[in-house]
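First the structure, in the form of structure tokens, and then the observations on it.
The values are calculated or read from the model by the stated rules, or taken from the named source; none is laboratory data. Keep in mind that this is a model prediction, so the values were computed, not measured. Cβ placement follows ideal geometry from the backbone for every residue including glycine, while neighbour counts extend to all protein chains displayed. All accessible areas refer to the heavy atoms of the entire protein, side chains included, with ligands and DNA or RNA removed. Shrake-Rupley method; radii C 1.70, N 1.55, O 1.52, S 1.80 Å.
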Amino acid sequence: MIRLDKYLADMGVGTRQEVKRKIRKGLVLINDQAARSPDLKVREGEDRIFSEGREILYAAYEYFMLNKPAGVVSATEDSRDATVTDLIHEKCRKDLFPVGRLDKDTEGLLLITNDGDLAHRLLSPRRHVDKTYYARIRGRVTKEDVQMFADGLDIGMKGYEEITMPGKLEILVSGEESQIRLTIQEGKYHQVKRMFQAVDKEVTYLKRERMGTLTLDENLKPGEYRRLTKEELEGVRRC
Ligand code: URA
């Protein structure tokens, strides 16, 4: 059971004050009766709620897979740049946030939800959830690099040691510009870029392909998104 004004505000019908006004004006129906009081309790999924003739369905949680484009920040608000949540137009909830961060110039898989418990579990350093990236690298990536990534690298800054957990580096193309796939279990700030810096190379393009059991849908172009399927959601919940 949930208060009627919260139900409507959660679903983006208006601010709490705006929906209270609509309710008092008799513009909101519970089943087929005008609701006069904002503090009436309704049963999500059972009572049918209409605001100005439009049925408002309740979604406690929403889950979207976004192919994050470059140039957009992994945040909910930013004074200068577009954010990843600005890209999600068909949302009901206003409290969506990205699960973890990708750098502004990084593309690829980002889960957008309002499920804080799930986000916490996926991001918890103790859970060691795999994250797989595809990258283009300025410089020749070698078998020695593969071994160094597997051993753990010092990516510390300002003289402080910071050793990474083992990373699985796969060379796809080795040349003046190499292409790689890297799986790591951490999410330190700029981690992939700093791992390559540690072996004197530079990431020129970075895209996340996988997080836990969730794989970026190849049909999503940068900037496109879709809701998670039931199977995907069950998979990430088990991560
Ligand atoms: N590692 C990085 O360096 N950048 C990202 O956006 C993600 C992982």
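Summary table below
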{"quantity": "For residue 104: the one exception among (1) within 14 Å of the ligand (Cβ to nearest atom); (2) without any contact (Cβ under 8 Å) to a residue 40 or more places away in the chain; (3) under 17 Å from residue 180 (Cβ atoms)", "calculated": "(3)"}
{"quantity": "Flag if residue 152 is at pLDDT 95 or above and within 30 Å of residue 118 (Cα to Cα)", "calculated": "yes"}
{"quantity": "Residue match in segment 72-82 (condition: more than 13 Å from the chain's Cα centre (by Cα), among the β-branched types (Val, Ile, Thr) and not in a loop (DSSP other than H, G, I, E, B))", "calculated": "no"}
{"quantity": "Check on residue 175, open to solvent by less than 80 Å² (accessible area, probe 1.4 Å) and more than 16 Å from the ligand (Cβ to nearest atom)", "calculated": "yes"}
{"quantity": "Residue satisfying condition, being under 24 Å from residue 205 (Cβ atoms), open to solvent by less than 10 Å² (accessible area, probe 1.4 Å), touching a residue at least 12 places away in the same chain (Cβ under 8 Å) and within 11 Å of the chain's Cα centre (by Cα), within set 122, 66", "calculated": "66"}
{"quantity": "Breaking point among (1) more than 16 Å from the ligand (Cβ to nearest atom); (2) more than 26 Å from residue 165 (Cβ to Cβ), for residue 81", "calculated": "(1)"}
{"quantity": "Close pairs (6 angstrom Cβ cut-off, 6 or more residues apart or separate chains): under 13 Å from residue 182 (Cα atoms) in segment 128-141, away from the ligand (no atom under 14 Å from the Cβ) and open to solvent by less than 20 Å² (accessible area, probe 1.4 Å) anywhere", "calculated": "137/178; 141/178"}
{"quantity": "Residues of segment 86-101 satisfying the condition of being within 16 Å of the ligand (Cβ to nearest atom) and either open to solvent by 40 Å² or more (accessible area, probe 1.4 Å) or among the hydroxyl-bearing types (Ser, Thr, Tyr) (or both)", "calculated": "101"}
{"quantity": "Residue that is farthest from residue 65 (Cα to Cα), among those in segment 100-152 that are touching a strand residue (DSSP E or B) at 6+ places or on another chain (Cβ under 9 Å) and of a type in the set (Ser, Thr, Tyr)", "calculated": "142"}
{"quantity": "Among (1) among the aliphatic types (A, V, I, L, M); (2) within 16 Å of the ligand (Cβ to nearest atom); (3) more than 22 Å from residue 108 (Cα to Cα), the one test that residue 206 misses", "calculated": "(3)"}
{"quantity": "Selection count, segment 210-239, where residues are within 16 Å of the ligand (Cβ to nearest atom) and either open to solvent by less than 40 Å² (accessible area, probe 1.4 Å) or hydrophobic (A, V, I, L, M, F, W, C) (or both)", "calculated": "4"}
{"quantity": "Single residue of segment 83-107 satisfying the filter (touching a helix residue (DSSP H, G or I) at 6+ places or on another chain (Cβ under 6 Å) and either at pLDDT below 95 or in a loop (DSSP other than H, G, I, E, B) (or both)) that is farthest from residue 190 (Cα to Cα)", "calculated": "96"}
{"quantity": "Some residue of segment 161-169 being surrounded by 18 or more Cβ atoms within 10 Å (Cβ to Cβ) and within 12 Å of the ligand (Cβ to nearest atom)", "calculated": "yes"}
